[in-house]
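The values are calculated or read from the model by the stated rules, or taken from the named source; none is laboratory data. These figures come from a predicted structure and were not determined experimentally. Positions of Cβ are generated from backbone atoms using ideal geometry, with glycine treated the same way; all protein chains shown enter the neighbour counts. Heads up: the accessible areas ignore ligands, DNA and RNA and are worked out on the full protein's heavy atoms, side chains in. Shrake-Rupley method; radii C 1.70, N 1.55, O 1.52, S 1.80 Å.
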Amino acid sequence: MLDILDKGICDTTTIRKILSKHLNKRVIFEYDLGRNKIETYPGIIKKLYNCVFLVEVDDVNKMVKSFSYADIITKTLKIKNSFFIIFSSYILI
């Protein structure tokens with residue numbers, strides 16, 4: 001287990017490299033809305049850009065959401081798959 005936030009290696013390029021390994025794969029997103037409200041939904045990481053990445057949510061409408069890499073750094077967004085946590089306060093690679 002590697003704690004990326006305490007080791008000082010948590011930057012957008014590192015996050016992009018790790019997310020690129022999970023591109024077009026099904027993952028679970030937990031987005032903290034504040035005041036103990038968490039939005040959880042399955043989706044697929046579709047596209048990576050310099051500052052944001054796009055997620056296609058698994059629902060009837062196939063809605064596309066965008067998230068910033070800062071959401072991961074600030075622990076607002078957690079990304080998991082069925083086996084382990086990809087991004088949280090700790091990261092398993």
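Pairs under 9 Å by beta carbon, first residue within 11 Å of F67 (Cα to Cα) and open to solvent by 90 Å² or more (accessible area, probe 1.4 Å) in segment 40-51, partner in a strand (DSSP E or B) and of a type in the set (S, T, Y), six or more apart or different chains?
Filtered contacts from segment 40-51: Y49/S66; C51/S68.
Which pairs have Cβ atoms under 7 Å, sit 6 or more apart or on different chains, and link a residue in segment 69-84 that is more than 17 Å from L48 (Cβ to Cβ) and modelled with pLDDT of 85 or more to one that is open to solvent by 50 Å² or more (accessible area, probe 1.4 Å) and among the basic types (K, R)?
Filtered contacts from segment 69-84: no entries.
Is it the case that some residue within segment 54-68 is part of a strand (DSSP E or B), open to solvent by 70 Å² or more (accessible area, probe 1.4 Å) and in contact with a strand residue (DSSP E or B) (Cβ under 8 Å, 6 or more places away or on another chain)?
For segment 54-68, residues part of a strand (DSSP E or B), open to solvent by 70 Å² or more (accessible area, probe 1.4 Å) and in contact with a strand residue (DSSP E or B) (Cβ under 8 Å, 6 or more places away or on another chain): present.
Applying the selection to segment 26-39, what residues are surrounded by 12 or more Cβ atoms within 10 Å (Cβ to Cβ) and of a type outside the set (S, T, Y)?
Residues satisfying the conditions are R26, V27, I28, F29, E30, D32.
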